[in-house]
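Beneath this line is the structure, given in structure tokens, with notes to follow.
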Amino acid sequence: MGLKTWECSICGGTIIEGQRFTFIPGQGAVHFECLAESTLKKPSGDAVALLDANEVLLYTIVRLKEAARIAESEEIKNSIDNVRIEVERLAGILSKKLVEAVKG
């Protein structure tokens, strides 16, 4: 089973599943590091707070994917996957808010 890949809409580089990344509405996938660098060019307290919160969620998603991969029972794997999907939804909300905060 191969890893999914995307193109970062900020740097143009490859994003490989397992890296911290997010989707920006209207732009597509972006590396977290590219998003952070872009955000910090015009920092505001709200943008920095959203960036920090989003980083936590993106790290959580990576760890949940790894936990699901090593789970032995389908029940536990499915439970972890369900939590990951919810965290992905929440990260999407924060990413959208972050873009709005940066655009001002």
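The values are calculated or read from the model by the stated rules, or taken from the named source; none is laboratory data. The structure displayed is predicted, hence computed values, not measured ones. Using ideal geometry, Cβ is built from the backbone for each residue, glycine included, and neighbour counts are taken over all protein chains shown. Calculation scope for accessible area: heavy atoms of the full protein, side chains included, ligands and nucleic acids excluded. Shrake-Rupley method; radii C 1.70, N 1.55, O 1.52, S 1.80 Å.
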Quick check: anything in region 54-68 more than 20 Å from residue 99 (Cα to Cα) and exposed (fewer than 14 other Cβ atoms within 10 Å of the Cβ)? yes
I'd like to verify a number: residues in region 17-37 that are surrounded by 13 or more Cβ atoms within 10 Å (Cβ to Cβ) and assigned to a strand (DSSP E or B), how many? 9
Here's a check for you: in region 69-104, which residue that is of a type in the set (Asp, Glu) and assigned to a helix (DSSP H, G or I) is least open to solvent (accessible area, probe 1.4 Å)? 81
Name the one entry in 13, 2 that is open to solvent by 40 Å² or more (accessible area, probe 1.4 Å) and of a type outside the set (Phe, Trp, Tyr). 2
